[in-house]
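These notes are about the structure you will find just below.
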Amino acid sequence: MPTPWVAIQRNPISGTGNRASLLMELIFHLKQNGIRPRLFSNRDRMQKILSARSVEDQPVCVVAAGGDGTVQDVVNRYPDHKIAILPLGTENLLARYFGVEKSGQFVAEMIAAGNTREIDLCELNQRKFILMASIGFDAAVVETLTLHRTGNISHLSYLKPIWKTLCAYPFEPLQIAADGGEEITAYHAIVVNIPAYGLNLNFAPAAKDHDGLLDLIVLRKKGIWSMLKYVFRIIRGTHLGSRSVHKLQAKQIRIQSAKPVPIQTDGDASGATPAEIKVIPAAARFIVP
């Protein structure tokens, strides 16, 4: 019987300092648990090697070593593999949601234990994502950050893009239809699969990761002051009581606009409207604590 092994996909810019020590810790403790690790920084090379191996010689799991963007990339490249997360990025929302500690030893022992959880995935224009998507102001901030990003980012990296977006965002109206129903006009939309978002903002606290449904939150007022009021209400957890906030659940959502409006998924810039977003029930398998 071949020795069990795991393939580790490392974010190429997450390999120095403390992040490198966490990777080495993961590799050491995988070996201690009788599992052979293979570390890759070239994503295409890793994909080519896995696709060339027989069914009997596939890894126990693929480890996404990075932030939520790395996890999203692994989900799209390896839809038939179990996935484990070694959180290394600025934001590690899915790891935090699952209770995965920022520890190589913890992740190695989690992989050895092999507890698996199936969750729903989302799909935007044929690309899968996991946590949530937003269309509007905050997606414009992410787009601006992406255009000017030169390396690792921190929470402070968002300050300049937020200011630039505040000064220039046009608030184009969105036409939103859920499951083919009547169109709703709004100026911001959030599609939630898992209730985890940066800065501890929780748009849809009742969202479930395994119900085969997306939670859609639409903000129907335009303008900077309205956006700031929405943020204040979201921080306090009272936004769903506002008459200008509409919430519903759907399996498929269509979003259109007269001019392109930015979209972000799981914290990464993901194009612009028009867009169709749908849920794929129980499509991902994660190794969890």
So I153 ticks every box in (1) among the β-branched types (V, I, T); (2) closer than 30 Å to F28 by Cα; (3) at pLDDT 90 or above but one. Which box is left unticked?
(3)
Being open to solvent by 20 Å² or more (accessible area, probe 1.4 Å) and not in a loop (DSSP other than H, G, I, E, B) is the filter here, so list the residues in segment 202-226 that pass it.
I224, W225, S226
Residue check, A196 open to solvent by less than 50 Å² (accessible area, probe 1.4 Å), hydrophobic (A, V, I, L, M, F, W, C), in contact with an Asp or Glu (Cβ under 7 Å, 6 or more places away or on another chain) and within 23 Å of L94 (Cβ to Cβ):
no
Among (1) without any contact (Cβ under 8 Å) to a residue 40 or more places away in the chain; (2) polar (S, T, N, Q); (3) open to solvent by 60 Å² or more (accessible area, probe 1.4 Å), N92 falls short only on (3)
Give me the pairs, please: first residue somewhere in segment 261-274 and free of Cβ contacts under 8 Å to residues at least 24 places away in the same chain, second residue anywhere and surrounded by fewer than 17 Cβ atoms within 10 Å (Cβ to Cβ), beta-carbon distance under 8 Å, and either six or more positions apart or on two chains.
A272/P260; P274/Q256
Subset tally (residues that are closer than 26 Å to E182 by Cβ and either open to solvent by 80 Å² or more (accessible area, probe 1.4 Å) or at pLDDT 95 or above (or both)) for segment 274-289:
7
In segment 227-249, residue farthest from F137 (Cα to Cα) [restricted to those that are part of a helix (DSSP H, G or I) and charged (D, E, K, R)]:
R236
Can we say A196 is of a type in the set (A, V, I, L, M), under 13 Å from M132 (Cβ atoms), assigned to a loop (DSSP other than H, G, I, E, B) and free of Cβ contacts under 8 Å to residues at least 60 places away in the same chain?
no
Enumeration of residues in segment 98-128 that are buried (at least 20 other Cβ atoms within 10 Å of the Cβ), touching a Pro at 6+ places or on another chain (Cβ under 8 Å) and not acidic (D, E):
F98, V100, M110
Do we find that K82 is touching a Leu at 6+ places or on another chain (Cβ under 9 Å), of a type outside the set (F, W, Y) and either modelled with pLDDT under 95 or surrounded by fewer than 24 Cβ atoms within 10 Å (Cβ to Cβ) (or both) in this structure?
no
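The values are calculated or read from the model by the stated rules, or taken from the named source; none is laboratory data. None of these values were measured; they are calculated from a predicted model. Neighbour counts are summed over all protein chains in view; Cβ atoms, including those assigned to glycine, are modelled from backbone coordinates with ideal geometry. Surface accessibility is based on the protein's heavy atoms, side chains included, excluding ligands, DNA and RNA. Shrake-Rupley method; radii C 1.70, N 1.55, O 1.52, S 1.80 Å.
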